[in-house]
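Asker: Below is the structure I would like to discuss, written out as structure tokens.
The values are calculated or read from the model by the stated rules, or taken from the named source; none is laboratory data. Bear in mind that the values here come from a model prediction, so they are computed numbers and not experimental data. Note that we place each Cβ from the backbone using ideal geometry, even for glycine, and neighbour counts take in every protein chain shown.
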Amino acid sequence: MRVRSSVRRVAVVATLCLATIAAPGVAEAQQTAEPVTVDFRSGPDFGRMVLTFPKLNLLPPHKVTSDSGVLVIQFDQPVSLDAEAAVTRLADYVLIVRTDPDGLGVRMALARSVKVNVMEAGPQLFVDFLPGSWKGEPPRLPDEVVTALAKKADEMAKAAEAAQRLIAETEKPIRIDVSAARAPTFSRLSFKWNVPFDVDFRRTDLGVDLRFNRMATPDLTAIRAAPPPFVNDITAEQGEQGLTVHVLVDNVADVRAYKDGDSYVVDVRGPDNPAAMTPLDRALQAAVSPLPAVPAGATQAVSAGGHDAPATAAAQPPVDHAAPVADQAAPVPSSAAAMPADGNAAPHVDAPAAAADPAAPVAGAAAAPPQPEQAAEAAPARPEIVPPGGKPQADIAELPENAVARALVDGVIRVESERVGQAVHITFPYKTEVGAALFMRDNTLWMVFDDAAPIDAATLQDAFVGFARRIEPTALDGAQLIRIEMTDRFVSTLSPDGPKWVVTIGEMVTDPTRPLSIGRQVHPDGSKSLDIPFGPVSRIHRLTDPQSEDAVIVVTGKGQARGLVKSHAFAELDALASIHGLALLPKVDDLAVTSDGILVSVSRPGGLAVSTLAEEKKATLFDLPAALGSSVARKEAVIDFGDVRDADVAGYLNARQKLMTAITQARDMPERINFWYKTATLALAEGLGPETTGMLDLVGKLAPEETASGRMAALRAGGEYFTYRPEQTLKLLDRRDFDDSPDASVWKAMALSDLGRHEDAVAEFAKGDAVIGSFPPIIQQRYALSHVASAIDLKDYTTARDLLAKLDPSSLSPNERARLDLLNALARDAAGHAMDAVTLLSNIVREDQGPVAAEATYRLVQLQRREGLITLDQGIDRLEQLAVAWRGDELELKTLRLLGQYSIERGNYRRAFEVMRVAEQVNPNSSTSRQMTDEMQTAFSQVFLDRKNSDLSPVQALSLYYDYRELTPSGRRGDAMVRKLADRLVDVDLLPQAASLLDYQVKNRLRGASRAQVAADLALVYLLDHRPDKAMFTLSTTRQASLPVAIERQRRTVEAKAMAESGNPDGALEVLQPLDGVEIGRLRADILWSADRYAEAGTAYERMLGGRWTDAMPLSDSEQLAVLKAGIAYTLAGDRMSVDRLRSKYTGKMAPTANGSAFDAVTGPIVASGSDFQSVVKSIADADTMRSFLADYRKRYLDVETGDKPEMVAPAEGAIAPRPAESNASADAGGTTSAG
């Protein structure tokens, strides 16, 4: 055969031009079958077949071959063509036509001695069939085809030339020249660009805003130095969408603007002032119009009158005549006009006819309103924000010189994340040490790294799933800033791991920050500054908070995390609390932050306004004399300790003896009651809680009216506190007359601290500090210890350290000393000295001082486990012992919560859930119990959703579900959990149990689309249980209209399988008719196979395989089975041509597999009654198609994804590009950053 192309030179040119636009069409065609029209033209000397691709500009890749009288036309993508008519239309040349099942080609059996000639012309393929007697040149292309190709080639050449011009204009630097001119009646501003541009004109209260779609830096110095008349000022700013120019004019001024070629002209006319005009100006004003006519050919003419303009001008419809379009060289009209958001008098577009007529008025009051069509044509579409990955190629030139080389070596920084319980460890894998800073402002976490290498956005999103809403990375000068809007105020820590930085976000402090102090320094000239002994300083950055526009000065460093544990406020600056580094908010413009490499100094010219005197002592703690404490201006004390304040043990006994004598000698009941009150006060001063409440019970019996008095309530509250019942203390003090009492705040603060409500306790401590000096030493010491505990829990380590320094251990009881050691251990741990804390806690546990020893045991287990000093099993064993030994308070709940967490980590879910139930029985209203319930609910769902139950058998999982099904989360996650559990039961053929679970969901829990979806799962379980009638009934009773496409597809798939199993293959195929996909193709083929429709089944199996015979990947087991079934089906149907085609395609793919010999037997030259063939058929018939159907169903419909990634915010256009630097920025500790 002779295959050649005889397309003329014009066709060749057209083909080359069309190649520039063919790629999108070809790529799209690969997704679905490309439609092809087939025409036949039979002449006396030859026959012609024309294949036309109406949706393409060029033919898709193809190959035409002929061998042994068979013409094969193959394409690289599926096509939809019907060439069967060639048998009748070209009967002298074509005998048989077959279309490949995969849609990739057509085969024709030719008559004897027929020659073939092929020609290409754009989207057409001409196939000429020539008789054997043909001589000379083959037939030529039709004249109309050659003419169309020539015209198309000319059009594409012009388009290519225009594109080249556009590229040349885009590559040259963008520049704008701004000039001003003055006239007697108006002032003119001209904005001249060297590239095509578009502009949006807006009138505001202050003047006019011009928003250009191009980015450039105009020089406005001369105009601002001497602004023209009627123009007050002019400024420019660069935003994400281009350059914005603000022209400030009087609100009564008239403004007219228009576009003239490559310039945009703005004319401003203010109110006339005859007194300030010269005679020449007045003459000119009388001779000419206030504003000149718009030049002929100008476009986008717009006028905006001042606030005193006539009503007709103000009533003009607002038109946004030129929205910026960043990526196009010429304006493109939009479809509608836009109303200005500010509500001011909006400009209107002058009619083109009026602009072109020199005599036409151009003032806003006289202009005719625009027609809607004209307004629509003047509004180009606004652009979308370009993400970092979609920046134009020109932006690459702004990167450092070594950026491309470095990207080839180590690329961007891709963070690594690991979730441990309720926390996530995020590692920034730098190659060498870099400085860093980490702090929170409001609900936003700030991270600064002294390295110019960009940080991969996708890995950041994965790392912060569930913790953040938005992530905003910004490139700094040789550094990277990441601002993360958190979903909640999580605890964050930062720790170095060699050159890497590890950020931990969760509910616990894993690596405490070393606290820094701020010192006041007086210089020889009398000026004052603040000094912070930071340690090795890396760099000092000056940033801007994009939300508040506040300046933020950040000091970064290397090594162990160190920062300010609480915020500090000064007259000229605020120092934020930080996890690592320093974050300072200047309140003045000339604040300077410097460093000598170790010490960070904050100063300003003339010094800071800070005090260098010692702070005035407050009436606080036990170092305040009683006289001074009682002299503080306050309400009358609710408990007057009087002379019993400083009583020791001997003094207590003597005083108690005297009071008892006075009680017996009292003359009347009121006097006796008063002496009993004094006796109870004496007992309370010694910390004797039970004795205090016992005496008050007696008073209540002697004088029942006293039970409602404030004195009784205050004393009983103190007694209840020393009896270890803080809840009763708070209940007794919940009275209106105690709301503003600092005496009551003392007891409230201690009770709240003991209950773990430390944030509420801090407010009460602030009130109680004013009067605690008048309380007995025992109460003062207990107050101080409680205050320290709250400060440590809230990470206020400065306050805790100051309070601990004032405590004298020799004045404390053994139990109080143990509590002091416990607090010191917590403080040492927070300071990073974990082993010191372990030693202190171990000593407390050995001394066994009651409640303190129990809490020390809890803290010790937690600390030793964190530091790796004990194994997980050892920690669980010690917590089990503590949970048995200590019962009834918040410590028991904390112990149970930690035991539950360890049990989950160990994989003992049942024990964790048992512990949770115990905690709910102890105190269901406690915050610790509620937190534990939330944690166990999360763990319960993870058992079934997140595959954390690898060691649980399906039976164990089912048992766990039935025992703790109250932990099933509500909503979509809970429903997905039940579906997963049912799927696991199906794996072990527990079909009735799986059906019971899903049936309960369908009948009782679900509504709408969710009910329809789970009903499909239930129907599938019935199918697996060989009950297709139940499956059909379930689907019919849950059918509803307007389901989502995915759910409708799922239900149709199950319904088709059920109908096929019920003996209705035609109905099943009808249900599947609108669906496509690999699994649908397999199901359709199986249905045809089961119905003994072998010819159709073979075609369906081969179509399902598609082009797998050309892939390098080996065939899967299911694909090998499909190949064998296709061969058997073709053999049983007697289609030997299809068998040979299948054999030629898949012999190489099937030979190395275990089914290679079976494939040879099926497709070899045998008869259907042969023994080898029958053996293969029997093995194929025994294959369970239901299992393959179940696998496809699981893969598509049972994979439930949870969690949302935080949104990535593209950095603002115009952000500082990193300077050329090494992969890790060098320290710049000696630099200075000024807030000015």
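Asker: Checking the condition over 31 Å from the mean Cα position of the chain (by Cα), crowded, with 18+ Cβ neighbours inside 10 Å and not acidic (Asp, Glu), which residue from Ser959, Ser926 passes? Walk me through how you get there before you give the answer.
Answerer: Working: Ser959 fails: crowded, with 18+ Cβ neighbours inside 10 Å.
One residue alone meets the criteria, Ser926.
Asker: Let me ask something additional. Filter the range 1028-1048 down to residues that are hydroxyl-bearing (Ser, Thr, Tyr) and in contact with a helix residue (DSSP H, G or I) (Cβ under 7 Å, 6 or more places away or on another chain) and give me whichever is surrounded by the most Cβ atoms within 10 Å (Cβ to Cβ). Give the derivation first.
Answerer: Taking the range 1028-1048 and keeping what is hydroxyl-bearing (Ser, Thr, Tyr), we get 1034, 1036-1038, 1042.
Remaining after also requiring in contact with a helix residue (DSSP H, G or I) (Cβ under 7 Å, 6 or more places away or on another chain): 1034, 1038.
On the way: Thr1034: 26, Thr1038: 19.
That would be Thr1034.
Asker: Just checking, how many residues over the range 79-93 are in contact (Cβ under 8 Å) with a residue 40 or more places away in the chain and either closer than 11 Å to Leu110 by Cα or surrounded by 20 or more Cβ atoms within 10 Å (Cβ to Cβ) (or both)?
Answerer: The qualifying residues number 7.
Asker: Would you mention how many residues in the range 487-496 are in a strand (DSSP E or B) and either out of contact with any Pro (no Cβ under 9 Å at 6 or more places or on another chain) or on the phi > 0 side of the Ramachandran plot (or both)?
Answerer: Filtering the range 487-496 down to residues in a strand (DSSP E or B) leaves 491-496.
Checking the rest, the ones that are also either out of contact with any Pro (no Cβ under 9 Å at 6 or more places or on another chain) or on the phi > 0 side of the Ramachandran plot (or both) come to 491-492, 494-496.
Matching residues across the range 487-496 total 5.
Asker: Tell me which residues, restricted to the range 831-874, are under 17 Å from Pro814 (Cβ atoms) and part of a loop (DSSP other than H, G, I, E, B).
Answerer: Answer for the range 831-874, where residues must be under 17 Å from Pro814 (Cβ atoms) and part of a loop (DSSP other than H, G, I, E, B): Asp848, Gln849.
Asker: Somewhere in the range 58-78, is a residue modelled with pLDDT of 85 or more, loosely packed, with under 14 Cβ neighbours inside 10 Å and assigned to a loop (DSSP other than H, G, I, E, B)?
Answerer: Yes: one or more hits.
Asker: Given the conditions (1) surrounded by 19 or more Cβ atoms within 10 Å (Cβ to Cβ); (2) of a type in the set (Asp, Glu); (3) farther than 25 Å from Asp39 by Cβ; (4) in the same structural domain as Phe40 (by TED's automatic domain parsing), and given that Asp154 satisfies all but one, which numbered condition is not satisfied?
Answerer: Unmet condition: (1).
Asker: Considering only residues that are in a helix (DSSP H, G or I), buried (at least 18 other Cβ atoms within 10 Å of the Cβ) and either polar (S, T, N, Q) or modelled with pLDDT under 85 (or both), which ones fall in the range 875-908? Even if it seems obvious, please write down each step before you answer.
Answerer: To start, the set of residues in the range 875-908 that are in a helix (DSSP H, G or I) comprises 875-885, 890-906.
With the extra rule that they be buried (at least 18 other Cβ atoms within 10 Å of the Cβ), the set shrinks to 875-876, 878-879, 882-883, 890-904.
The answer is Glu890, Thr895, Gln901, Ser903.
Asker: Then there's this: If you check Ile778 against the conditions, is it out of contact with any strand residue (DSSP E or B) (no Cβ under 8 Å at 6 or more places or on another chain) and either within 23 Å of Gly687 (Cα to Cα) or not in a helix (DSSP H, G or I) (or both)?
Answerer: On the way: out of contact with any strand residue (DSSP E or B) (no Cβ under 8 Å at 6 or more places or on another chain): yes; either within 23 Å of Gly687 (Cα to Cα) or not in a helix (DSSP H, G or I) (or both): yes.
Yes; evaluated as a whole, the condition is true for this residue.
Asker: When you scan the range 1124-1140, do you find a residue that is basic (Lys, Arg), out of contact with any strand residue (DSSP E or B) (no Cβ under 7 Å at 6 or more places or on another chain), at pLDDT 60 or above and over 17 Å from Ala1085 (Cβ atoms), even just one? Outline the logic, then answer.
Answerer: Taking the range 1124-1140 and keeping what is basic (Lys, Arg), we get 1125, 1136.
In the following step, the residues that additionally are out of contact with any strand residue (DSSP E or B) (no Cβ under 7 Å at 6 or more places or on another chain) were identified as 1125, 1136.
Narrowing further to those that are at pLDDT 60 or above: 1125, 1136.
Imposing the further condition that a residue be over 17 Å from Ala1085 (Cβ atoms) reduces the set to 1136.
Looking through the range 1124-1140, at least one residue is basic (Lys, Arg), out of contact with any strand residue (DSSP E or B) (no Cβ under 7 Å at 6 or more places or on another chain), at pLDDT 60 or above and over 17 Å from Ala1085 (Cβ atoms).
Asker: Which of the residues belonging to the range 895-910 are closer than 15 Å to Gln874 by Cα and of a type in the set (Phe, Trp, Tyr)?
Answerer: Tyr902
Asker: Does Pro196 count as part of a loop (DSSP other than H, G, I, E, B), assigned by TED's automatic domain parsing to the domain that holds Thr299 and closer than 22 Å to Val255 by Cα?
Answerer: Numbers: part of a loop (DSSP other than H, G, I, E, B): yes; assigned by TED's automatic domain parsing to the domain that holds Thr299: yes; closer than 22 Å to Val255 by Cα: no.
For Pro196, the condition - part of a loop (DSSP other than H, G, I, E, B), assigned by TED's automatic domain parsing to the domain that holds Thr299 and closer than 22 Å to Val255 by Cα - is not met.
Asker: With respect to Glu84, determine if the residue is closer than 29 Å to Thr1110 by Cβ, over 54 Å from the mean Cα position of the chain (by Cα), acidic (Asp, Glu) and outside any strand (DSSP E or B). Give the steps one after another, and end with the answer.
Answerer: Values: closer than 29 Å to Thr1110 by Cβ: yes; over 54 Å from the mean Cα position of the chain (by Cα): yes; acidic (Asp, Glu): yes; outside any strand (DSSP E or B): yes.
Yes: the conditions hold for Glu84.
Asker: Continuing with this model, one more query. For the range 525-611, which fully contained strands (runs of 3 or more DSSP E) count at least 2 residues that are more than 36 Å from the chain's Cα centre (by Cα) and of a type in the set (S, T, N, Q)?
Answerer: Details: elements: 528-533, 537-544, 551-557, 573-575, 578-580, 582-586, 592-595, 599-603.
In the range 525-611, 592-595, 599-603 are the strands (runs of 3 or more DSSP E) which contain 2 or more residues that are more than 36 Å from the chain's Cα centre (by Cα) and of a type in the set (S, T, N, Q).
Asker: Is it the case that Ala827 is buried (at least 20 other Cβ atoms within 10 Å of the Cβ), free of Cβ contacts under 8 Å to residues at least 40 places away in the same chain and outside the structural domain of Gln901 (by TED's automatic domain parsing)? Step through it out loud before you land on a result.
Answerer: Working: buried (at least 20 other Cβ atoms within 10 Å of the Cβ): yes; free of Cβ contacts under 8 Å to residues at least 40 places away in the same chain: yes; outside the structural domain of Gln901 (by TED's automatic domain parsing): yes.
Against the criterion (buried (at least 20 other Cβ atoms within 10 Å of the Cβ), free of Cβ contacts under 8 Å to residues at least 40 places away in the same chain and outside the structural domain of Gln901 (by TED's automatic domain parsing)), Ala827 qualifies.
Asker: For Ala181, only one of the following conditions fails: (1) buried (at least 16 other Cβ atoms within 10 Å of the Cβ); (2) hydrophobic (A, V, I, L, M, F, W, C); (3) modelled with pLDDT of 85 or more. What is its number?
Answerer: Result: Ala181 passes all but (1).
Conditions (1) over 53 Å from the mean Cα position of the chain (by Cα); (2) closer than 30 Å to Arg1108 by Cα; (3) among the basic types (Lys, Arg), marked per residue:
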| site | (1), (2), (3) |
| --- | --- |
| Arg89 | yes, no, yes |
| Ala111 | yes, no, no |
| Lys115 | yes, no, yes |
| Leu125 | no, yes, no |
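Asker: Here are some residues: Leu1115, Leu1124, Leu1142, Leu1132. Which one is touching a helix residue (DSSP H, G or I) at 6+ places or on another chain (Cβ under 7 Å), of a type outside the set (D, E, K, R) and not in a helix (DSSP H, G or I)? Full working, then the answer.
Answerer: Numbers: Leu1124 fails: not in a helix (DSSP H, G or I); Leu1142 fails: not in a helix (DSSP H, G or I); Leu1132 fails: not in a helix (DSSP H, G or I).
Answer to the check: Leu1115.
Asker: Can you tell me which residue among Leu1020, Leu990, Leu960, Leu985 is farther than 29 Å from Ser903 by Cβ, out of contact with any Cys (no Cβ under 7 Å at 6 or more places or on another chain) and not assigned by TED's automatic domain parsing to the domain that holds Asp934? Quick ask: steps written out before the conclusion?
Answerer: On the way: Leu990 fails: farther than 29 Å from Ser903 by Cβ; Leu960 fails: farther than 29 Å from Ser903 by Cβ; Leu985 fails: farther than 29 Å from Ser903 by Cβ.
On inspection, the qualifying residue turns out to be Leu1020.
Asker: Is it the case, given these coordinates, that Arg203 is surrounded by 14 or more Cβ atoms within 10 Å (Cβ to Cβ), under 25 Å from Gln241 (Cα atoms), touching a residue at least 12 places away in the same chain (Cβ under 8 Å) and of a type in the set (Lys, Arg)?
Answerer: Details: surrounded by 14 or more Cβ atoms within 10 Å (Cβ to Cβ): yes; under 25 Å from Gln241 (Cα atoms): yes; touching a residue at least 12 places away in the same chain (Cβ under 8 Å): yes; of a type in the set (Lys, Arg): yes.
Yes; evaluated as a whole, the condition is true for this residue.
Asker: If a residue must be in contact with a Lys or Arg (Cβ under 9 Å, 6 or more places away or on another chain) and part of a strand (DSSP E or B), how many such residues does the range 87-113 contain? It would help to see each step written out before you state the result.
Answerer: Taking the range 87-113 and keeping what is in contact with a Lys or Arg (Cβ under 9 Å, 6 or more places away or on another chain), we get 89-90, 96-103, 105-109.
Imposing the further condition that a residue be part of a strand (DSSP E or B) reduces the set to 96-99, 105-109.
Counting residues in the range 87-113 that are in contact with a Lys or Arg (Cβ under 9 Å, 6 or more places away or on another chain) and part of a strand (DSSP E or B) gives 9.
Asker: Does the range 999-1006 include one or more residues that are assigned to a helix (DSSP H, G or I), in contact (Cβ under 8 Å) with a residue 12 or more places away in the chain and closer than 18 Å to Leu1190 by Cα?
Answerer: Narrowing the range 999-1006 to residues assigned to a helix (DSSP H, G or I): 999-1005.
Next cut, in contact (Cβ under 8 Å) with a residue 12 or more places away in the chain only: 999, 1001-1002, 1005.
Within this subset, residues satisfying the condition of being closer than 18 Å to Leu1190 by Cα are none.
No, the range 999-1006 contains no residue that is assigned to a helix (DSSP H, G or I), in contact (Cβ under 8 Å) with a residue 12 or more places away in the chain and closer than 18 Å to Leu1190 by Cα.
Asker: Pick out the one residue from Glu706, Glu691 that is among the acidic types (Asp, Glu), crowded, with 19+ Cβ neighbours inside 10 Å and out of contact with any Leu (no Cβ under 6 Å at 6 or more places or on another chain). Before you say what the answer is, go through the steps one by one.
Answerer: Working: Glu706 fails: crowded, with 19+ Cβ neighbours inside 10 Å.
It is Glu691.
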